[in-house]
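Notes follow once the structure below has been shown.
A short reminder: the numbers here are calculations on the coordinates, not readings from a lab. Computed from a prediction, not measured in an experiment: that's the story for all the values here. Counting neighbours? That spans all protein chains shown, and the Cβs are built from the backbone with ideal geometry, glycine included.
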Amino acid sequence: MKRLSSFVSLVLAVAVASSAGIGGNASSAGAPSTGAPAEEPTEIRAEAVTERTVPYATWKGRTLTLDIHAPAKTEDAPVVVYLPGLGEATAPRALLEGLIDNGIIVFVVRYPASSAEAILAEGSVYVRAMADSVACAMHMARDRAAQLGSANPVVVLTGFSLGGAPAAHAALFGSDLERRWEEFAAEGGPPRQAECEVATGSTHVDALVGLAGGYDLFVPAYEGKYGRGYQQARNPEQGQFLASAVGLNPDLRIRLIHGTRDSMIPYENSPEFAEVLSEAGYDVQVIDFEGGHGVDSELTLSTILGLIGR
């Protein structure tokens, strides 16, 4: 496991704000977040192809949508799946422009989100809803990428703050995500919560970039705030199931970026998670920067580009 220091900015994040004190807003460019919501871009790039509010799933009678931002040339293009935070409907303009400029297809996904306490209060049901929605988004992303000429893309999933939890969960389960949830349901876990517009498809993820994430909420394989001990005391079956994701997708490459002065989700959360992953054989690095609870944007972009070989 490597620890790297960094210096720069442009955002790729899953940002989920939380009344539980776990959350945050991704900054649109430059320094880590100031707390302002991401600006809704009116125009990204003249040469980009943008399709907004595309239905990808249904949950509790509500249509979940995503936006698609594609560069002019999409043949064999990599894919980034981006999950915005609570109260945010898009990714920062600078992020989208940077990814498009590097020939990447971006899917900006709106998914069920709530505070850590609310998620845990509903037991496995809310966790299942978030897992289902990410699976549905992955189906749609791969389907649309194929239509755009990228039939077998490199897929990077990212998560910022609380959103790092479902991102890590889905990436670690990988292609087994839906099958393992169905097995858990057969043993008494919750049934499927969201229905996909694209019924089938791979949920395999090539790389995970976690950004100051609350990973222990969905991957309770270490202590953290809501991890092993917390879930063992409240819902041991769920905790054991969620922790079983570690080791299922051993080829997954993982980068955990975290500000050393983070007072919302302590920096130590990332090294603790990385230690568990390293012991399980993953290619994992913790990358730190001088800052609080936010995203070092260029660092994140350069990390993504390094993972996809650009």
What does the charge add up to near Ala280, with Lys and Arg as +1, Asp and Glu as -1, over the other residues with Cβ less than 14 Å from its Cβ? -4
What nm distance separates the two modelled labels at Thr63 and Val198, each placed 7 Å from Cα along Cα→Cβ? 1.8 nm
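Is region 130-239 rounded, prolate or oblate when judged by the Cα gyration tensor, a ≥ b ≥ c being the square roots of its eigenvalues, rounded requiring a/c under 1.5 and prolate requiring a/b larger than b/c?
oblate
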Specify the inter-centroid distance of region 99-172 and region 261-310, based on alpha-carbon positions, in whole Å. 18 Å
Express the relative contact order of region 52-141 as a whole percentage, based on alpha carbon pairs under 8 Å and six or more residues apart in sequence. 32 percent
Taking a ≥ b ≥ c as the square roots of the Cα gyration tensor eigenvalues, with a/c under 1.5 meaning rounded and otherwise prolate when a/b beats b/c or oblate if not, region 180-310 comes out oblate
With a 10 Å Cβ neighbour count serving as the proxy for reagent exposure, in which order, fewest first, do Val198, Val155 appear? Val198, Val155
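For Cα pairs less than 8 Å apart in space and 6+ apart in sequence, what is the mean separation divided by the residue count of region 132-251, i.e. the relative contact order in percent? Walk me through the numbers before you get to the answer.
Values: 190 pairs, mean separation 39.9, N = 120.
Contact order relative to length: 33 percent.
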What does the net charge come to around Leu305 if you take all other residues with beta carbon closer than 15 Å to its beta carbon, with K and R at +1 and D and E at -1? -2
Pairwise FRET efficiency - Lys225 versus Ala72, Cβ, R0 = 35 Å, nearest 0.05: 0.20
With a point put 7 Å past each Cα toward its Cβ, work out how far Glu183 is from Glu122 in nm, to one decimal. 2.5 nm
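Ranked by Cβ crowding within 10 angstrom, fewest neighbours first, how are Phe160, Phe218 ordered?
On the way: Phe160 34, Phe218 27.
By the 10 Å Cβ count, ascending, the order reads Phe218, Phe160.
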If you average the sequence gap of Cα pairs under 8 Å that are 6 or more apart and divide by the length of region 245-310, what percent do you get for the contact order? 41 percent
